[in-house]
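Contents: one structure, followed by commentary.
The values are calculated or read from the model by the stated rules, or taken from the named source; none is laboratory data. Computed from a predicted model, the values in this text were never measured in an experiment. Neighbour counts are summed over all protein chains in view; Cβ atoms, including those assigned to glycine, are modelled from backbone coordinates with ideal geometry. These area figures cover heavy atoms from the full protein model, side chains too; ligands, DNA and RNA do not enter into them. Shrake-Rupley method; radii C 1.70, N 1.55, O 1.52, S 1.80 Å.
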Amino acid sequence: VLICNAASATVGEVADCEVAEYERHLRSNVLSSVALTRAVMPGMIERGEGALTFVLSALAVRSLPAFSTYAAAKAALRGFAESLRVELEGSPVRLLTVMPGTLRTEGLARLDRVGREPRVLESGFALPPERVAQRIVRALERDRGRVTVRGPAWLVQQLDHFAPSVVTRILARLYRRG
């Protein structure tokens, strides 16, 4: 089992983030996963079993203000995983994508920051990482291909599907309060 779970980001508005920041986070969040996948996948195919797990983010679908470096990287990883899923169809290698919301870890405190700090980071809606780990194990045991860890981010995704302009206005209002 390979679990790709890189999560680096520079928090800041697009105007404040240099292109080098995007390149750095694409390397750490996406290209490292591509390299690891390419390294282990042949052995999995040869052995006749294996599982590739990609921990994405709700931000791969609907980003928050000031999280464009992270959202771009997770969206790219999602595209890679979904392409690979089709390529692996019929092979012995399973592919799981996991879509959690914000996790309650020390990671947010250690993110690089440029410009003003977004208010959205102060949200108390973060999920414990153990919940995501349990969902990954359960999904692998049950041979699931996709898992969305339900929480506040999931609710926002559902609303965004039906009323994206409403979600945009809500997020903009929350962001401007900061």
(message) With the requirement that a residue be within 20 Å of Arg94 (Cα to Cα) and of a type in the set (Ser, Thr, Tyr), what does the range 43-81 give you?
(response) Thr53, Ser57
(message) Go through (1) over 15 Å from the mean Cα position of the chain (by Cα); (2) modelled with pLDDT of 80 or more; (3) crowded, with 17+ Cβ neighbours inside 10 Å for Pro118 and report which single condition fails.
(response) (2)
(request) Return yes when Arg94 is open to solvent by less than 50 Å² (accessible area, probe 1.4 Å) and either within 17 Å of Leu140 (Cα to Cα) or in contact with a strand residue (DSSP E or B) (Cβ under 6 Å, 6 or more places away or on another chain) (or both) and no when it is not. (result) no
(request) Please state which of the following conditions Leu108 fails to meet, knowing it meets all the rest: (1) modelled with pLDDT under 85; (2) open to solvent by 80 Å² or more (accessible area, probe 1.4 Å). (result) (2)
(message) Here's a check for you: in the range 129-178, which residue that is in a loop (DSSP other than H, G, I, E, B) and either in contact with a Cys (Cβ under 8 Å, 6 or more places away or on another chain) or open to solvent by less than 70 Å² (accessible area, probe 1.4 Å) (or both) is nearest to Ala6 (Cα to Cα)?
(response) Val149
